[in-house]
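Q: I'd like to ask some things about the structure below.
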C-alpha cells in the first residue's frame, strides 16, 4: 500500500445515504488494495471494498461484489488476526 489510510471513514452510497466504517485492515492483492471495513454499530459483520486511487490525495471505496474475491480477502484477514494472537 502506497499511502496511509485513515482508521475511520464515512462513505456515501449512490442514494446519498451516509455510513460510517472502521477500517480493520487493508490487504494488497493482485496490484489492488482491499479494505476490510466494520460498519458502525456492527460487531461481527465486515464488508470488503476495493480502494481505488483517484489522485494523490483522494481514494474511492468500491464494494466488492464478487464473492470469490471477497471470501479470499476475508480469509487473508482472518489469517492475519490469528497470527497476531
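Where a number appears in this text, it was derived from the coordinates with a stated rule and is not lab data. Quick caveat, the model's predicted, so the values are computed rather than measured. We place every Cβ from the backbone using ideal geometry, glycine too, and count neighbours over all the protein chains shown.
Q: Test of understanding: ordering 18, 79 by Cβ neighbours within 10 Å, fewest first, what list do you get?
A: Lowest count first: 18, 79.
Q: Can you put 30, 66 in order, fewest other beta carbons within 10 Å first?
A: Listing 30, 66 from fewest to most nearby Cβ atoms yields 30, 66.
Q: Neighbour counts of other C-beta atoms within 10 Å: give me 77, 8, 49 arranged from fewest to most.
A: Neighbour counts put them in this order, fewest first: 8, 77, 49.
Q: How high is the relative contact order of the chain, in percent, counting Cα pairs under 8 Å that sit 6 or more residues apart?
A: So the answer I get is 18 percent.
Q: Moving on to the next point. Per DSSP H run of at least 4 residues, take -39500 (n - 2.57); add these up for the chain, divide by its residues and hand me the 222 nm value, nearest 500 deg cm²/dmol.
A: Result for the chain: -7000 deg cm²/dmol, rounded to the nearest 500.
Q: Assign one of three labels to segment 8-84, namely rounded, prolate or oblate, based on the Cα gyration tensor with a ≥ b ≥ c the square roots of its eigenvalues; rounded applies when a/c is under 1.5, prolate when it is not and a/b is larger than b/c, and oblate otherwise.
A: Judged from the Cα gyration tensor, segment 8-84 comes out oblate (a/c at least 1.5, b/c at or above a/b).
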